[in-house]
Each structure stands twice: as structure tokens, then as C-alpha cells.
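A quick write-up on the structure given underneath.
The values are calculated or read from the model by the stated rules, or taken from the named source; none is laboratory data. The shown structure was predicted, so the numbers you read here are calculated from the model rather than taken from an experiment. Virtual Cβ from ideal backbone geometry, glycine too; neighbours counted across all protein chains shown.
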Amino acid sequence: MSVSTDRRPQTSRTNVWRIPSERSSLEWLDCDREFVSRRYDRIAGLITLFEWLLFLPRGLRKQAVAHIGLKPGDRVLEVGCGTGRNLALLQDCVGPTGRVYGVDISQGMLARARRLCEQECWANVTLTLGDALEYVPEEPFDGALFSLSYNTMPHHHAVLTHVLAQLRPGARLVIMDAKVPAGIFGNLILPFAVWLNHLTVLGNPYIHPWRQLAPLVDNFAMEERLFGAYYICWGRKRAKDR
Ligand SMILES: C[S@@+](CC[C@H](N)C(=O)[O-])C[C@H]1O[C@@H](n2cnc3c(N)ncnc32)[C@H](O)[C@@H]1O
């Protein structure tokens, strides 16, 4: 028997369950930010398990970080940094003279990232609890990363333009995420993707972030992995968008 989470996530109730009908299994309702943060508080301990269950390709995080094109001394922002799974990679790129910033809306996720920073004695990581749309940077960034986070933000387009505004001209913004592959296979698994996302990470499978990023940047590029089930896309902030 399949079950799905409440189809009214805009409300404060989170624990109403029902069997989806054929029709509703294809629906996606955006969740409000409180709902998203509470969901992530609850699943914070399961993130590595999800990575494994959802076949996150090995090396995908490293590749995404490499596409930011960071160098020692740079400042980089991870938007929705979660438990800090990319922090070591970002740290490696910017070195001790650089700085890594992370913002996340979930206290539970960020607590784990903070613990990691303490364990690793990283003095140049600044983590902020809050909505990415309200994030006020301490300095301009040389790069930004959305890693498995873009689709979880109901106001993703506004967040994207907000983050682009915080980059230096020429700096790269990278989005890495899962997606429903194109074609018949994708159409077949779409109801499953909708159901699974409602139940777990709240990533809206109907969003096409690459289509939103492409018109806003220079040198847009994209690559796919695992038969189109994952992708990385990136581009440079335009000089005229100062
Ligand atoms: C699937 S996790 C990915 C975490 C991390 N980037 C990674 O690659 O492991 C998505 C993260 O985005 C965060 N998030 C969702 N909406 C957000 C928002 N409006 N502002 C900041 N973070 C948000 C969630 O709390 C969660 O930690």
C-alpha cells in the first residue's frame, strides 16, 4: 500500500496521511517555509541514507564544486547547505585564506553542519540559520552553490535572483540536483517521484532550474549523470548585472 504525506502542506498540520488517488499522485503542492524547515529538522539524521537510496552518483558533489571554479582566498556561499556534506570540498578549494558561507532554514540540519565544523576545526566557515531569500551577506561572493536544495525552495526563482545579486561579476553559480529523466521512462516514474518527494525531501520534480538559470547568466552549461536522473548546470554572473 502506498501512502503520501498531507496534501495541504501550507497548513501547520503535517501528519495527516492518505492513500493517493491516480490523479492526486501527480499533483505537487508547494510547502510553506516552516513546513520545509520542520521536515528537514526531522530527517536531518537520514540525509546520507537518502543519498545512498537515491543513487546519488559518486563524485557528483566534487564535480559540482569544481564547476564553481574557486581559487584559494575566494568567498563562496552554499545555499541550503544542510548538514554540510559539501563543506570539506568547498574548504579545499578556497583554502585557509578563503571563506565558506552556508545558509539553511533548518535548525536540525545546520546543527549537524556546525558539529562538523567543530570536529574539523574549520575556522573559516560561517553558517547562518534562516531563509536564503532573507540572507544578507557579509561580503560579495566569488561563487555560489545550490546542491540538492533548489527544488526544495518554493520561492526558488526569487532566491536565485537574490543570490545572483550577491555575486561578483564573472563569478559562477552552480546548481546540482536530481531530476526526472526526459522521455517515456521519466513520464513513467513521475508519479513515483512526486510521491517520494512529498514523503521525504520535498523537492518539486516539476521545476526545471536550468531553464531559470540559463537566461540570467553568461556561458551557461549543463551536464547530466545517471541517464539524466541528476544534473549540474552553471553560468557566470554578467558584468552588466553589477
Ligand atoms: C536535500 S537538502 C541538501 C543539503 C546540502 N546542500 C547537501 O547537498 O547535502 C536541502 C536543504 O535545503 C534547505 N532549504 C530548503 N529551503 C530553504 C530556504 N528557503 N532557505 C535556506 N535553506 C533552505 C533545507 O533545510 C535542506 O537542508
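Numbers for the structure displayed
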| quantity | calculated |
| --- | --- |
| Set Leu213, Leu188, Leu160: member being within 23 Å of Phe50 (Cβ to Cβ) and in a helix (DSSP H, G or I) | Leu188 |
| Filter result (hydrophobic (A, V, I, L, M, F, W, C) and exposed (fewer than 15 other Cβ atoms within 10 Å of the Cβ)) within region 163-188 | Ala165, Ala182, Ile184, Phe185, Leu188 |
| Residues of region 141-155 satisfying the condition of being assigned to a strand (DSSP E or B) and under 12 Å from Val174 (Cα atoms) | Asp142, Gly143, Ala144, Leu145, Phe146, Ser147 |
| Count - residues of region 162-186 that are in contact with a Cys (Cβ under 6 Å, 6 or more places away or on another chain) and more than 22 Å from Lys62 (Cβ to Cβ) | 0 |
| Residue that is out of contact with any Pro (no Cβ under 6 Å at 6 or more places or on another chain), within 14 Å of Thr152 (Cβ to Cβ) and of a type in the set (Lys, Arg), where the choices are Arg112, Arg39 | Arg39 |
| Only one of Pro191, Pro137, Pro181, Pro154 that is modelled with pLDDT under 95, in contact with a Gly (Cβ under 7 Å, 6 or more places away or on another chain) and not aliphatic (A, V, I, L, M) | Pro181 |
| Arg33 touching an Asp or Glu at 6+ places or on another chain (Cβ under 7 Å), touching a residue at least 60 places away in the same chain (Cβ under 8 Å), within 9 Å of the ligand (Cβ to nearest atom) and not aliphatic (A, V, I, L, M) | yes |
| Selected residue [among the aliphatic types (A, V, I, L, M) and either under 22 Å from Gly73 (Cα atoms) or within 9 Å of the ligand (Cβ to nearest atom) (or both)] from Ala111, Ala144 | Ala144 |
